[in-house]
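Note sheet for the following structure.
The values are calculated or read from the model by the stated rules, or taken from the named source; none is laboratory data. This one's a predicted model, so the numbers in the text were calculated from it and none came from an experiment. Positions of Cβ are backbone-derived with ideal geometry, glycine not excepted, and every protein chain shown enters the neighbour counts.
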Amino acid sequence: MTAKEIRALARENLKQIPKKIYMPMGLLLVLANIIPNVVDYATDSKSGVFFLLEIAAALLTANGYIFFDRWRNKIQKGGEEPNAWCGLTGQHIARLLIYGVIEALIIGTVAVAIAAAVVGSAIQQVSVAVSIILLILLVVLLVWIELRLTYVVYVIDDDVRTGQKRSVWAEIGAGWKLTKGRVWKLLCLNLSFLGWYILTAFTLGILGIWLMPYYNLAIAETYEQSKEELLISNK
């Protein structure tokens, strides 16, 4: 399916979720993204409070992914309505925290490499063209890694729901496998929301109350499709 078709399906799914349910979750996701940045700007330092807020924001964001994925499952397959905090059980939090540390180490390593490349180019007086190319390549690598990790939160939730006992590293590997050959589609889908994010900025985040559920349902749909395609290819 194209990004346009996925977004259309996500909008149809969103219409079937009562506003009194998805709008509070959308507001929570918006606040989770805004508050840590506001605190960081206000304190002008990476304080302990900032890092705690970052952790809380990451957990709430993951809960949003899981919540709307479960709603998508309810709409398409039936079943009970998911609890608003379904992604914050003890098992979820433990796995998500471990995953967060691993992800931070991976992303942090690439970020350090980018910084080192910029500083090294300046010290060695490398030509501007070479420096720009190197920087672009490293940024592309960072984006590629982020996209390859898109489904890990969903894999963790699937394991918790089914009682499957796997290490977080194995879950990361499973999520990584699901995005194989699908990075371009995920990138196109994310870019297709760019205009909405610009409008959200102009509304000071208010539009995000609707946009975040819409986006999460779209990503959840790609996850389900990826699982189905992988299942078919393995037969």
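Key figures
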{"item": "Residue list for the stretch 197-235, filter: under 17 Å from Glu5 (Cβ atoms) and among the aromatic types (Phe, Trp, Tyr)", "result": "Tyr214, Tyr215, Tyr223"}
{"item": "Qualifying residues in the stretch 59-99 (those that are assigned to a helix (DSSP H, G or I) and modelled with pLDDT under 90) - the one surrounded by the most Cβ atoms within 10 Å (Cβ to Cβ)", "result": "Gln76"}
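One line per residue, one yes/no per condition, for (1) aliphatic (A, V, I, L, M); (2) at pLDDT below 90:
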position	(1), (2)
Glu146	no, no
Val168	yes, no
Lys185	no, no
Tyr214	no, no
Ala218	yes, no
Glu229	no, yes
